[in-house]
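Asks: Handing you a structure now.
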Amino acid sequence: MHQISFIWSGLRTGVVAGAPFTAGVLPYGIAFGVLAGQAGLDLQAATAMSVTVFSGSAQFVALQVWSDPIPLAALLFAAFAMNARYVLYGAMLRPHLAGLSPARAYGSLFFMNDANWALLVKQGGSGRWDGAFLFGSGLIIYLSWVIGTVLGGGFGRIIAAPETFGLDFLLIAFFVTLLVGLWRGRRDVAPLVTAVAAALAVDWLAGGSWGVLAGGLLGSLVGAFRPR
Amino acid sequence: MSPDLLFALGAMAVVTYLCRAAGYFAMGYVPLTPRIEAWLESIPIATLGAVLAPALANGGLPELAGFAVALVVMRQTGHDFLAAGCAVAVVAIGRALI
């Protein structure tokens, strides 16, 4: 186990290290705010989601399945599915952060995301582990996500008839970029094909957002049980 | 905000936080098995496929073209906003033409 500290300088180092990522997160937040408005969430609801959930991909999938009445099962599945990787991230951090008090560890984990997890692992590679680094780098990214949401939600209302500009397709386009970014090669083919087939079948049979649930579950199980 | 909406947002927040905390918590007791690890790693890809497939199946030619453009530009450049922007432009032009 490493010596672990949780100090002011670690927090400051984290904020500085996380700052460059705000340039990428802020536009994503704005896009989320705009698309949330199109999906029927008002500014309050979109902001509340960004403040409490703080997960771009999960929130984008939530917009895609959003409807009236609120499809709770699909929303919760979206939250779980797009954040399942955090279970692995957290597991990997355990040996390094185990010296922290539970309050500091579990408080900092709320702010964990792809960027600051990678930053922390990189920083830890040089032997310096400070628990406050995860908190600081996460906090600055969190703030830019929330601010972006408010900006996008505010301005988004100005855009009339978004279909004319193809803006309704922005969400789908983002899913494609996410998919390409996550792609790991041949081992992803079987899960993806299974998910697509299951989603199309269930969508045709049941409609609503059940296709997302069925495809996500069946596809990922194929991934879990593929021969290695 | 309606009670239903508040409940849905709260539940999403709880599930997301549990994802962030669960691995850290569990590793204090038992290590994750390779099977669970492989499952967790496969979930995002499968879910995105399941989100995209019905949306594209219900779309027309402009949407399919937009999908192809997003895929190609993202693969070639690795730039997400550029890929999404090109795709949206193609969809808008396609809809104007058809």
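Any read-out appearing in this document is the output of simple, stated calculations on the displayed coordinates, not a laboratory observation. Every value quoted in this text rests on a predicted model; they were computed, and no experiment measured them. For neighbour counting, all protein chains shown are included, and Cβ atoms are generated from backbone atoms with ideal geometry for every residue, glycine included.
Asks: Report the calculated FRET efficiency for A:V193 and A:V51 (r = Cβ-Cβ distance, R0 = 45 Å), to the nearest 0.05.
Replies: So, using R0 = 45 Å, E works out to roughly 0.75.
Asks: By how many nm would the segment from B:T33 to B:A89 lengthen if fully extended, with 0.36 nm per residue of separation less the alpha-carbon distance?
Replies: 15.7 nm
Asks: Same structure, new question: So, R0 is 22 Å and r is the distance between the beta-carbons of B:F7 and A:A103; what FRET efficiency does that work out to, to 0.05?
Replies: Given R0 = 22 Å and the Cβ-Cβ separation, E is 0.25.
Asks: Rounded to a whole number, what is D in µm²/s for chain B from Stokes-Einstein with the Kirkwood radius over alpha-carbon pairs (25 °C, 0.890 mPa s)?
Replies: 144
Asks: Under the rule of -39500 (n - 2.57) per DSSP H run of 4 or more residues, summed and divided by the residues of the protein assembly as shown, what mean residue ellipticity at 222 nm is obtained, to the nearest 500 deg cm²/dmol?
Replies: -26500 deg cm²/dmol
Asks: Kirkwood Rh, the range A:5-89, all Cα pairs: how many Å?
Replies: The Cα-based Kirkwood calculation yields 14.5 Å.
Asks: Something else about it: For the range A:8-182, calculate the relative contact order in percent as a whole number, restricting contacts to Cα pairs under 8 Å that are 6 or more residues apart.
Replies: It rounds to 45 percent for the range A:8-182.
Asks: Say the dipole of the protein assembly as shown comes from +1 at the beta carbon of Lys and Arg and -1 at that of Asp and Glu; which of A:G99, B:L6, A:A58 then lies farthest toward its positive end?
Replies: Looking along the dipole axis, the top candidate is A:G99.
Asks: Taking the Cα of B:L82, stepping 7 Å toward and past its beta carbon, and measuring to each backbone N in the range A:25-64: which are under 18 Å?
Replies: Counting backbone N atoms under 18 Å from the label point, the list is A:25, A:27-28.
Asks: Turning to a different aspect of this structure: In sequence order, what are the phi-derived ³J(HN,Hα) couplings for the range A:67-78 according to the Karplus relation 6.51 cos²θ - 1.76 cosθ + 1.60 with θ = phi - 60°, rounded to whole Hz, with x for glycine and proline?
Replies: Going residue by residue, I get 7, 10, x, 4, x, 4, 4, 5, 5, 5, 5, 4 Hz, with x marking Gly and Pro.
Asks: Please work out the ratio of the alpha-carbon Rg of the range A:83-228 to 2.2 N^0.38 Å and round it to two decimals.
Replies: 1.35
Asks: Hey, what do the phi angles of the range A:204-209 turn into as Karplus ³J(HN,Hα) couplings, whole Hz, using 6.51/-1.76/1.60 and θ = phi - 60°, x for Gly and Pro?
Replies: Working through the residues one at a time gives 5, 6, 10, x, x, 10 Hz.
Asks: Could you give the length gained on full extension between A:F155 and A:V121, defined as 0.36 nm per residue of separation minus the Cα-Cα distance, in nm?
Replies: The A:F155-A:V121 span can extend by a further 8.5 nm.
Asks: With each label point set 7 Å from Cα along the Cα-Cβ vector, what nm distance links A:L205 and B:L64?
Replies: 2.6
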